[in-house]
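Data first, discussion second: the structure below is written as structure tokens.
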Amino acid sequence: MEFKQIKELIAGACKKHGVEEFEIYYSIGENINAETLKNEISAFSSGESAEVAFRCIVNGHMGYSSTSYFDEDELEDLVLRAVDNAKVIENDDVVVIFKGSESYAKTTAPEPKMVEASELKKCALELQKKTYDYSDTVVDGTQSIAISFRDEIYLYNSHGLELSNKVGMTGCYVAAVVNKDGESRDNFEFAESIYGEKVDELPAKAVNGALDKIGASEIPTGKYNVVIDGTQMRSILSAFSPSFSAKNALLGMSLLKGKEGEKIAADIVTIVDDPMREGCPVQTSFDNEGVATYKKNVVENGVLKTLLYDLTTAIKTGKTTTGNGVRGGGVRPYNFGIMAGENTLEELFSKAENGVYVTGVKGLHAGANSITGDFSVESEGFLIENGKKASPVKSFVISGNFFELLKNIDSLSNEVKWGIPGGFTVFGSPDILVKDMTVAGK
Amino acid sequence: MISRILLEDVLAAAMSTGADFAEVYAEKTRNNGMRFLDGKIDTVSDDMVSGVGIRAFIGTRTVYATTTDLSRAGLIRCAKAVADALGESKLQVSINLTERIFPNIHPVKILPGSSLLTTRTDILKDACFAAKETDEKIKQVMGNLTSVDHTILVANSEGLYTSDRHVRTRIAVSAVASDGHENQSGSCSPGRGMGLEMFDFINPREVGKVAADQALVNLRADYCPAGQMTVAIENGFGGVIFHEACGHSLEATSVGTGTSQMCGKLGQKIANEKVTAIDDGTIPGAWGSVNIDDEGTPTQRNVLIENGILKSYMIDRLGSRRMNMAMTGNGRRQGFMFEPTSRMTNTFIANGNDKNEDIIKSIEYGLYAKSMGGGSVNPLTGEFNFGVSEGYIVRNGEICEPVRGASLVGTGSQILMDIDMVGQNLATAQGMCGSSSGSVPTDVGQPLIRVSKITVGGRR
């Protein structure tokens, strides 16, 4: 069913049932995924999906429903279900179907195109061959995968607001498994393309990363100077990003409640939320509520400048929405990252002198509590000895409190390492040095 | 959902370039959600998911394609996309499907979707108000009541044509306690493979109270000391230790590709002889139970480990081809967007011979992990990590002061050997397990167990 027809059917059902204020959020997606094992394409998948999400205001409350089953009866039922749902809502939120922002920025990412299946297969097979060829320590179980996806989004509401966006990405990764001296280790590397230098480097990077972990020892429990790689610090930032939600703060579920304008981090820490980061494949000029997005400093030189707001929370607190609203209430960040500092990674090692370099953290979904800020996560990495990266270490746990960590950042490296997009959200961070962190080992 | 004749044509189209097996999976799923926040019903959602996934094999090579277009043209296009990606030969294939009806051992009494919305708001409010009323330090309560009504259809080139309906309900309450300086949280989230009759067995007020009590305990707890110690892990969600440390390594997903530490270990001793572990998708009304898996194979009771000896893996259709072993009814997926793979159902350590009080008495100094949080594992190395959401120090055989912020870290192979006492109060708890085939409901479980030595991550 075409969007035009869906729109007409839903608008017709709204009219029939006396629904005046409503919004339709329609998304269609395509994806292709080619996976290899043992130098063969082991799995190949392609998909197309479509979903229409509906919401409407009934007696001052917002009701929600969605469907991916497109027929006339279902689309009418979609409206009725949202109406019923709105009737049991008790909160005193002021809900809004948005009339539209004055202007919307233009996304700078090129129009996304799906890559041919044959190209993806070729890329995955070549990566697989290069990975096996790179070292005879590479064993079966080693995978290389190439992916391509494309999403189109259409927002339409009863004020006549119409917005659309197209995003997509093509990329590949190598998950290398090596066996050396009877020990197996794995390592994963990703590139946001299927051509070029970064892709050519993947096999070596993936294999060397895995080999580096062989022969890891355990370290005694104690306080260490810790350098956290940007790839891991961005995961920690991601785990605690719900703290930056104004809605969570309002509900007493964030320790950043009432801290706007206050110092919450070391002077060198600036955290930016940017919906249009140059080179990011998933830019957006409007949020789920139809509000124009914009770039802002969330933390500037250690001071919390603003939390992230949706329309309803902004109205409740007398603020303005920051264009981060999501369907169902609450917010999501876009390119949310700690900005780069001045040091090279090597300089961070020499500043640490002796300590631990963390290159992997696991189980953040379990070991990090965004309400309290506490985290305690299993990690792997390397010793830092005499200011240099030394032998691998494993099975230790770094623990602390995220908000204390932000205050204790001693130095930042000069490169922000951005992660893989999840929806419109990408986290980033430079490498950081923190002194005297608790590390639990043997 | 889709007629038998159309399915036969779709399968034939998927097989037309030389596939030796093809399968159509269709789902229609109604997800109902209700959220309580800040003293009030906050959001109600009602989402319908509908779509089809078509898969074909040549040997262990698979192609999978999905669509939400259920018209004849849409389905044939999807099947042709599968065929084109799989092979180049041109074959005329004809498929004959015979409908098969498997017995329903999880009948549902009260379908959540057809009950009054106010019946559901009452249940959720009962639970949340009970949490709030526990203590004035409870500053915030969040509750979710969710139900899933999931109908699947599976048809394949072996002639199978069957469907199943799986209903599940879950209530989750999390409470935040605050003393004005800091916040601590607690949660409780039971679920069943049932409709609203689940609340004949589970009192919503009790759920709220458990969440609130846990938050209050954590508020008065000091940070957990770090280091290696003896740990007693309580029943219920404590079973996450087995799920993470061992269960994932026994899935064909990792065994069949040679990336599991458990490869080639059938018949070998992999755990302390006190350990017997079972995966059982047939327990009536349990959270992880289904009549048939998402490949149309009936679920069964699989003894994974018996007295420390590895007896069985959990095997889906592709894994069965890779490993040349029979399927075990573990081929699962979240829905049509995901290709199925081997997953756990209800997985638990069976009761042992040790008395629970003896387990605590045996610990001179250690940790009693009363309630566990989630965790993750690397199936290649068996390294795992999971959080303790309510813990106490044990001193001279007695449970003493509460501690917070602890996590347990180790490797699967080691901890299985180090489970040296197994108690007698087996209970299960519910989780959503995430893997390559999406998020599926699984039960974890165990009685109280003792691990002689494990790394505890803490802040002191």
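So the values come out like this:
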quantity: Considering residues of the stretch B:161-186 that are under 30 Å from B:V148 (Cβ atoms) and within 12 Å of chain A (Cβ to nearest Cβ) only, the residue farthest from the chain's Cα centre (by Cα); calculated: B:V176
quantity: Which listed residue, of A:S49, A:S45, A:S68, is closer than 30 Å to B:G319 by Cα, within 7 Å of chain B (Cβ to nearest Cβ), buried (at least 20 other Cβ atoms within 10 Å of the Cβ) and in contact (Cβ under 8 Å) with a residue 12 or more places away in the chain; calculated: A:S45
quantity: In the stretch A:94-123, the residues that are farther than 15 Å from A:V167 by Cβ and free of Cβ contacts under 8 Å to residues at least 12 places away in the same chain; calculated: A:E116, A:S118, A:K122
quantity: Filter pass, A:S118 being assigned to a helix (DSSP H, G or I) and modelled with pLDDT under 95; calculated: yes
quantity: Qualifying strands (runs of 3 or more DSSP E) (wholly inside the stretch B:248-363; at least 1 residues being without any contact (Cβ under 8 Å) to a residue 24 or more places away in the chain and surrounded by fewer than 24 Cβ atoms within 10 Å (Cβ to Cβ)); calculated: B:301-306
quantity: Search result, residues across the stretch A:82-96 that are out of contact with any strand residue (DSSP E or B) (no Cβ under 6 Å at 6 or more places or on another chain) and within 7 Å of chain B (Cβ to nearest Cβ); calculated: A:D84
quantity: Residue list for the stretch B:1-24, filter: over 31 Å from the mean Cα position of the chain (by Cα), surrounded by 22 or more Cβ atoms within 10 Å (Cβ to Cβ) and not in a helix (DSSP H, G or I); calculated: B:M15, B:S16, B:A19
quantity: Among the residues listed as B:V207, B:V167, B:V217, B:V173, the single one being under 22 Å from B:S115 (Cα atoms), at pLDDT 95 or above and part of a helix (DSSP H, G or I); calculated: B:V207
quantity: Count of the stretch B:401-419 residues which are away from chain A (no Cβ under 14 Å) and either among the aromatic types (F, W, Y) or closer than 18 Å to A:I219 by Cα (or both); calculated: 0
quantity: Single residue of A:T284, A:T322 found to be in contact with a Leu (Cβ under 6 Å, 6 or more places away or on another chain) and either basic (K, R) or assigned to a loop (DSSP other than H, G, I, E, B) (or both); calculated: A:T322
quantity: Some residue of the stretch B:140-149 being more than 22 Å from the chain's Cα centre (by Cα), within 14 Å of chain A (Cβ to nearest Cβ) and either of a type in the set (K, R) or surrounded by fewer than 23 Cβ atoms within 10 Å (Cβ to Cβ) (or both); calculated: yes
quantity: Failed criterion for B:D42 (all others in (1) assigned to a strand (DSSP E or B); (2) at pLDDT 95 or above hold); calculated: (2)
quantity: Which listed residue, of B:R35, B:R55, is under 22 Å from B:H166 (Cβ atoms), charged (D, E, K, R), within 27 Å of the chain's Cα centre (by Cα) and within 13 Å of another protein chain (Cβ to nearest Cβ); calculated: B:R55
quantity: Enumerated strands (runs of 3 or more DSSP E) restricted to the stretch B:411-460, each holding at least 1 residues that are among the hydroxyl-bearing types (S, T, Y); calculated: B:427-435, B:438-446, B:449-457
quantity: Selection within the stretch A:353-364 - at the interface with chain B (Cβ under 8 Å from one of its Cβ atoms) and either in a strand (DSSP E or B) or closer than 21 Å to A:S245 by Cα (or both); calculated: A:K362
quantity: Test: residue in the stretch A:129-137 that is surrounded by 22 or more Cβ atoms within 10 Å (Cβ to Cβ) and either in contact (Cβ under 8 Å) with a residue 60 or more places away in the chain or within 11 Å of chain B (Cβ to nearest Cβ) (or both); calculated: yes
quantity: Residues of the stretch A:191-230 satisfying the condition of being of a type in the set (K, R), farther than 21 Å from A:V426 by Cβ and surrounded by fewer than 17 Cβ atoms within 10 Å (Cβ to Cβ); calculated: A:K223
quantity: Near pairs, Cβ below 7 angstrom, 6+ apart or cross-chain, from the stretch B:40-58 (farther than 30 Å from B:L117 by Cβ and in contact (Cβ under 8 Å) with a residue 40 or more places away in the chain) to any residue that is among the acidic types (D, E) and in a strand (DSSP E or B); calculated: B:R55/B:E23
quantity: Candidate set: the stretch A:138-190, residues that are aromatic (F, W, Y) and under 30 Å from A:E21 (Cβ atoms); chosen: the one surrounded by the most Cβ atoms within 10 Å (Cβ to Cβ); calculated: A:Y156
quantity: Residues of the stretch A:266-281 satisfying the condition of being crowded, with 23+ Cβ neighbours inside 10 Å and in a loop (DSSP other than H, G, I, E, B); calculated: A:P275, A:C280
quantity: Test: residue in the stretch A:18-39 that is at pLDDT below 95, under 29 Å from the mean Cα position of the chain (by Cα) and at the interface with chain B (Cβ under 8 Å from one of its Cβ atoms); calculated: yes
quantity: Among residues of the stretch B:38-52, those that are among the hydrophobic types (A, V, I, L, M, F, W, C) and either within 19 Å of A:G60 (Cα to Cα) or more than 8 Å from chain A (Cβ to nearest Cβ) (or both), counted; calculated: 3
quantity: Check on B:S178, more than 24 Å from B:V108 (Cα to Cα) and without any contact (Cβ under 8 Å) to a residue 60 or more places away in the chain; calculated: yes
quantity: Hits in the stretch B:5-62 (condition: within 26 Å of A:E51 (Cβ to Cβ) and of a type in the set (S, T, Y)); calculated: B:Y25, B:T29, B:T43, B:S45, B:S50, B:T62
quantity: Flag for A:G428 being more than 12 Å from every other protein chain (Cβ to nearest Cβ), crowded, with 24+ Cβ neighbours inside 10 Å and on the phi > 0 side of the Ramachandran plot; calculated: no
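For every residue, the table says whether it meets (1) acidic (D, E); (2) crowded, with 17+ Cβ neighbours inside 10 Å; (3) in contact with a helix residue (DSSP H, G or I) (Cβ under 6 Å, 6 or more places away or on another chain); (4) in contact (Cβ under 8 Å) with a residue 12 or more places away in the chain.
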residue	(1), (2), (3), (4)
B:L91	no, no, no, yes
B:F102	no, no, no, yes
B:P107	no, no, no, no
B:G113	no, no, no, yes
B:A127	no, yes, yes, yes
B:D164	yes, yes, no, yes
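Matching residues to (1) touching a strand residue (DSSP E or B) at 6+ places or on another chain (Cβ under 8 Å); (2) in contact (Cβ under 8 Å) with a residue 24 or more places away in the chain; (3) under 22 Å from B:A427 (Cβ atoms); (4) of a type in the set (D, E, K, R):
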{"residue": "B:K139", "(1), (2), (3), (4)": "yes, yes, no, yes"}
{"residue": "B:G143", "(1), (2), (3), (4)": "yes, yes, no, no"}
{"residue": "B:L153", "(1), (2), (3), (4)": "yes, yes, no, no"}
{"residue": "B:G159", "(1), (2), (3), (4)": "yes, yes, no, no"}
{"residue": "B:V173", "(1), (2), (3), (4)": "yes, yes, yes, no"}
{"residue": "B:V207", "(1), (2), (3), (4)": "yes, yes, yes, no"}
{"residue": "B:P225", "(1), (2), (3), (4)": "yes, yes, no, no"}
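The values are calculated or read from the model by the stated rules, or taken from the named source; none is laboratory data. Just so it is clear, the model here is predicted, and its values are computed rather than measured. Cβ sites come from the backbone with ideal geometry, for glycine too, and all protein chains shown count toward neighbours.
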